[in-house]
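Okay, structure first, notes after.
The values are calculated or read from the model by the stated rules, or taken from the named source; none is laboratory data. Source: prediction; values computed, not measured. Cβ: placed from backbone, ideal geometry, glycine included. Neighbour counts: every protein chain shown. Note: accessible area is taken over every heavy atom of the protein model, side chains too, but ligands, DNA and RNA are not part of it. Shrake-Rupley method; radii C 1.70, N 1.55, O 1.52, S 1.80 Å.
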Amino acid sequence: MGSKNQNKPPFQHNTTLTTTSTITPSSLKKKYIADVVSEDKGQRLGFEKMVGTANNGRLRLAFSLVNGSQDLDLSSAPASNAGSECGGIEFTREDVEALVNEKMKYKNKFNYKERCENMMEYIKRLRLCIKWFQELEGEYAFEQEKLRNALELTERRCSEMEVALNNKEEELNLIILELRKSLASLQDKLAKEESEKKAAVDSLTKEKEARTSIERSQASLSEELEKVQGELDGANQRIASINDMYKLLQEYNSSLQLYNSKLQTDLDTAHETIKRGEKERSAIVENLHTLRGQHKSLQDQLMSSIASQDEVMKQKDALLNEVACLRMELHQTREDREHYQQQVQSLASEVSKYKELATNSSELEEKCLSQGNQIQILHDQLAVAERKLQMSDMSIFETRNEFEGQKKLIDELQNRLEDAEFKLIEGEKLRKKLHNTILELKGNIRVFCRVRPQLPDDSSSNQAKVFSYPTSMEYLGRGIDMTQNGQKHSFTFDKVFMPDASQEEVFVEISQLVQSALDGYKVCIFAYGQTGSGKTYTMMGKPGQPDEQGLIPRSLEQIFQTKQALQPQGWRYEMQVSMLEIYNETIRDLLSTNKDASRIENGVAGKQYTIKHDANGNTQVSDLTIVDVQSSREVKYLLDRAAHSRSVGKTQMNEQSSRSHFVFTMRITGVNESTEQQVQGVLNLIDLAGSERLSKSGSTGDRLKETQAINKSLSSLADVIFALAKKEDHVPFRNSKLTYLLQPCLGGDSKTLMFVNISPEPASAGESLCSLRFAARVNACEIGTPRRQLNMRTSETRLSYG
């Protein structure tokens, strides 16, 4: 029990709700100790004094609040924020039995999202009940310890009184002996000095009176000792009753642990349900591929139909041109026929006159007949052309109807495809949410792997010879296979980014984690890997290119955009920023106006910064520059300023190699003006220096010292991770400045994510394999469940590293 809560009576808690409730000793006595505590009035009063009395004007908060009821008294005074995390909630035997026997009800048994949310809410209520019992048990232990201390104090006082009485008796015995000696001398001198005898008699009388008074005081002390002994017996009886109640609570705690194991079994069942959901998702993806194939085939049919339609239209145009030509020829033939008929008539009228031309007229008649036959043939050709034109019109109409039907079918397939893609996206979001929830419940460190793309300066060997990526649904986007010397090594992480992944795709995966800092959580994201693997590019990006901004600038933009979006809801945020680097196991303030404050010149060290942890898990760095910021533009300016101050050097493995560990910290304090709630979040973004081998980097002089310091701190980080993975009692956080600074992130209640950056070069395969193995070990570490820092409004504005 902390010193802040020692003066508060047990079973009395405060809550951050808008109403206040407390536990009365009479209700607690009726529920739990009615069969144990004696009906004696004095003992009951003593127990009530031990347990504590309720504050005036407080009401008992019903258990319905735990089940989500909102029937609260609006006229109640606001509660204090101090005290237990359980608030003023009381759990009776009936409440606990109702919680244990509660059965989950679902509107739809296939709605896994609702089932998971209900299960999480039920687990939260169960944890709240267990937390209450643990606090009750602690308060009983505290009271028992208090009574024991009082008993020991009373015993010490009794022993001191006995010692004092013994001393007094010894003094009196000495006085009596002296008086006897003086009496003998006085008797010898009685005859000579009568006056002296009278004086001796008077003194003896006074001594007797003094002895009588001492005997009276001894009798009173003995009475007080008997009274204290009676109180001690009553205290022993109360301790015995408390021990009985403690046994009952231990039995009930064991039953709750059994029920907790049952809940773990239900959680495993939920995991199996999630796996079935993954299988259904794979089936949906296969159907999606099938629909895409049908869509492609229908598109091919549509293109062929369009091509055939174009050919038919061309034929129609050709036939129309041919019909127009035939009509022109027919018109010309009709004109010729009329002309010839006129000539025949003129010749027939002149037959009588010109008999010698009879033969010519017969020839003309034959010619007219032949031309009439030609005209009939042209009429037949015209009718055939008109029939062809009508048939082409019908085929065009049918083709158009078929085209419209295929277009409707394509639209329907596209809608189905969009629905399937939407369901796929929603299922992926649900999977990520459930995965993150499981990781938060486990308390594991999340690990993302990112493979750097090939650079122009890299060797021209094929990347696929080193890394490959599984395509099965179970490991898609989460697995990576590495081949070295003909041996294949497989790893699985929370997310794997291939070389073609953009900065935007990487940030989307961590955006919800960054959002947690605004919600009052401690968040830590750090990049790990060998030198030249792309850590600084992942965290900072390329300056002057907005599309290639890193995680730090994008996180800041999201935080300030969300800050503006939450203002209509009554939230007001204050941001504080600090930046430092750890260079050769020395902390440097990158925002300090005195740029040489922490540097070493002429063998004399500059300003020394110390790391301090407080009881709440926060970390302060002494004399570190802290800047209040209002916009992302201000933070970008500070980032540019820190980038120019950071230690960078050239090696054979990297043209611009980071020679220090860079730590960016933003402390976020949010206050809701309507509810007076306050959240305190911390965002730590860390770019670690890259590990390197001296044989490859070719470092000498200062670069050699830097490499040795970097490798030593990263080795200390590995020792901490191995100790956490083995759950050892001692974790060597103090072996380096880096691990001591990251202690709250690696061993506290923080949400932690590590980026392991990998180089695709075959020459770096050994370092890449070591990095992947280290990342797998980190992914298996359990550091505890993240805790949200939510309380009532305070004036604390100190910056910490979480």
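Only one residue in L232, L190, L186 is among the aliphatic types (A, V, I, L, M) and not in a helix (DSSP H, G or I). Which one? Don't jump to the end; show me each part of the working.
Details: L232 fails: not in a helix (DSSP H, G or I); L186 fails: not in a helix (DSSP H, G or I).
Of L232, L190, L186, the one residue that is among the aliphatic types (A, V, I, L, M) and not in a helix (DSSP H, G or I) is L190.
Say we look at the stretch 534-553 and pick out the residues that are part of a loop (DSSP other than H, G, I, E, B) and touching a residue at least 12 places away in the same chain (Cβ under 8 Å); which of these is farthest from F507 (Cα to Cα)? Reasoning before the result, please.
Here is the first cut: in the stretch 534-553, the ones part of a loop (DSSP other than H, G, I, E, B) are 534, 540, 542-545, 550.
Checking the rest, the ones that are also touching a residue at least 12 places away in the same chain (Cβ under 8 Å) come to 534, 540, 543, 550.
Values: G534: 15, M540: 12, P543: 17, G550: 8 Å.
Taking the candidates together, the pick is P543.
It is to be established whether one or more residues within the stretch 565-573 are aliphatic (A, V, I, L, M), out of contact with any Pro (no Cβ under 6 Å at 6 or more places or on another chain), in contact (Cβ under 8 Å) with a residue 24 or more places away in the chain and part of a helix (DSSP H, G or I).
Here is the first cut: in the stretch 565-573, the residues aliphatic (A, V, I, L, M) are 565-566.
When the remaining residues are screened for being out of contact with any Pro (no Cβ under 6 Å at 6 or more places or on another chain), the result is 565-566.
The next check asks that each one be in contact (Cβ under 8 Å) with a residue 24 or more places away in the chain; those that pass are 566.
Pick out the ones that are also part of a helix (DSSP H, G or I) and you get none.
The answer is no; no qualifying residue exists.
Give me the pairs: first residue in the stretch 629-648 and more than 13 Å from I559 (Cα to Cα) and in contact (Cβ under 8 Å) with a residue 24 or more places away in the chain, second residue of a type in the set (S, T, Y) and open to solvent by less than 30 Å² (accessible area, probe 1.4 Å), beta-carbon distance under 9 Å, and six or more apart or on different chains, which are they?
S645/S592; R646/S658; R646/S660; S647/S658; S647/S660
Please go through the stretch 221-242 and give me each residue that is without any contact (Cβ under 8 Å) to a residue 40 or more places away in the chain and open to solvent by less than 60 Å² (accessible area, probe 1.4 Å), ordered by number.
Selection gives S222, G230, A240.
Only one of these is at pLDDT 85 or above, more than 21 Å from N757 (Cβ to Cβ), in contact with a strand residue (DSSP E or B) (Cβ under 7 Å, 6 or more places away or on another chain) and surrounded by fewer than 15 Cβ atoms within 10 Å (Cβ to Cβ): D628, D640. Name it. Give the derivation first.
Numbers: D640 fails: in contact with a strand residue (DSSP E or B) (Cβ under 7 Å, 6 or more places away or on another chain).
Answer to the selection: D628.
Among the residues of the stretch 361-400, what is the count of those that are surrounded by fewer than 11 Cβ atoms within 10 Å (Cβ to Cβ) and polar (S, T, N, Q)?
Residues in the stretch 361-400 being surrounded by fewer than 11 Cβ atoms within 10 Å (Cβ to Cβ) and polar (S, T, N, Q): 5 in total.
Being in a strand (DSSP E or B) and touching a strand residue (DSSP E or B) at 6+ places or on another chain (Cβ under 9 Å) is the filter here; which residues of the stretch 478-492 pass it? Lay out the reasoning, then the answer.
As a first pass, look at the stretch 478-492 and keep what is in a strand (DSSP E or B): 479-484, 487-492.
Answer for the stretch 478-492, where residues must be in a strand (DSSP E or B) and touching a strand residue (DSSP E or B) at 6+ places or on another chain (Cβ under 9 Å): G479, I480, D481, M482, T483, K488, H489, S490, F491, T492.
Report yes if E426 is part of a helix (DSSP H, G or I), modelled with pLDDT under 85 and in contact with a Pro (Cβ under 9 Å, 6 or more places away or on another chain), otherwise no.
Working: part of a helix (DSSP H, G or I): yes; modelled with pLDDT under 85: yes; in contact with a Pro (Cβ under 9 Å, 6 or more places away or on another chain): no.
It is false that E426 is part of a helix (DSSP H, G or I), modelled with pLDDT under 85 and in contact with a Pro (Cβ under 9 Å, 6 or more places away or on another chain).
Just wondering, is there one or more residues in the stretch 678-694 that are surrounded by fewer than 15 Cβ atoms within 10 Å (Cβ to Cβ) and modelled with pLDDT under 85?
Yes, there is a match, as at least one residue in the stretch 678-694 is surrounded by fewer than 15 Cβ atoms within 10 Å (Cβ to Cβ) and modelled with pLDDT under 85.
Condition check ((1) open to solvent by less than 60 Å² (accessible area, probe 1.4 Å); (2) within 30 Å of S261 (Cα to Cα)) across all residues:
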site: Q134; (1), (2): no, yes
site: E139; (1), (2): yes, yes
site: E145; (1), (2): no, no
site: N167; (1), (2): no, no
site: Q187; (1), (2): no, no
site: E194; (1), (2): no, no
site: A219; (1), (2): yes, no
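Among the residues that make up the stretch 105-113, is at least one of them under 23 Å from the mean Cα position of the chain (by Cα), assigned to a helix (DSSP H, G or I) and modelled with pLDDT under 85? If you could, list the steps in order and put the result at the bottom.
Step one: filter the stretch 105-113 for residues under 23 Å from the mean Cα position of the chain (by Cα), giving 112-113.
Next, from what is left, pick out any that are assigned to a helix (DSSP H, G or I): 112-113.
In the following step, the residues that additionally are modelled with pLDDT under 85 were identified as 112-113.
Yes, there is a match, as at least one residue in the stretch 105-113 is under 23 Å from the mean Cα position of the chain (by Cα), assigned to a helix (DSSP H, G or I) and modelled with pLDDT under 85.
Can you find, within the stretch 196-210, the residue that is modelled with the lowest pLDDT among those that are surrounded by 13 or more Cβ atoms within 10 Å (Cβ to Cβ) and acidic (D, E)? Let's see the steps before the verdict.
The first filter runs over the stretch 196-210 and keeps only residues surrounded by 13 or more Cβ atoms within 10 Å (Cβ to Cβ), leaving 196-197, 200, 203-204, 207.
Cutting the leftovers down to acidic (D, E) gives us 196, 207.
Working: E196: 69, E207: 83.
The qualifying residue modelled with the lowest pLDDT is E196.
Assess whether E509 counts as being open to solvent by 80 Å² or more (accessible area, probe 1.4 Å) and closer than 29 Å to E286 by Cβ.
Values: open to solvent by 80 Å² or more (accessible area, probe 1.4 Å): no; closer than 29 Å to E286 by Cβ: yes.
Judged against the criteria, E509 is not a match.
Condition first: surrounded by fewer than 17 Cβ atoms within 10 Å (Cβ to Cβ), modelled with pLDDT of 90 or more, of a type outside the set (K, R) and not in a strand (DSSP E or B). Can you find one or more residues in the stretch 516-528 that meet it?
At the first step, the residues of the stretch 516-528 found to be surrounded by fewer than 17 Cβ atoms within 10 Å (Cβ to Cβ) are 519.
If we keep only those that are modelled with pLDDT of 90 or more as well, we get none.
No, because not a single residue in the stretch 516-528 is surrounded by fewer than 17 Cβ atoms within 10 Å (Cβ to Cβ), modelled with pLDDT of 90 or more, of a type outside the set (K, R) and not in a strand (DSSP E or B).
Suppose we filter the stretch 249-264 for residues that are surrounded by 12 or more Cβ atoms within 10 Å (Cβ to Cβ) and basic (K, R); how many remain?
0
Could you tell me how many of the residues in the stretch 574-619 are assigned to a strand (DSSP E or B), at pLDDT below 85 and surrounded by 15 or more Cβ atoms within 10 Å (Cβ to Cβ)? Step through it out loud before you land on a result.
Quick first cut of the stretch 574-619, residues assigned to a strand (DSSP E or B) only: 574-583, 586-589, 601, 604, 611-613, 619.
Within this subset, residues satisfying the condition of being at pLDDT below 85 are 601, 604, 613, 619.
From the residues that got through so far, the ones that are surrounded by 15 or more Cβ atoms within 10 Å (Cβ to Cβ) too are 613, 619.
Number satisfying all stated conditions: 2.
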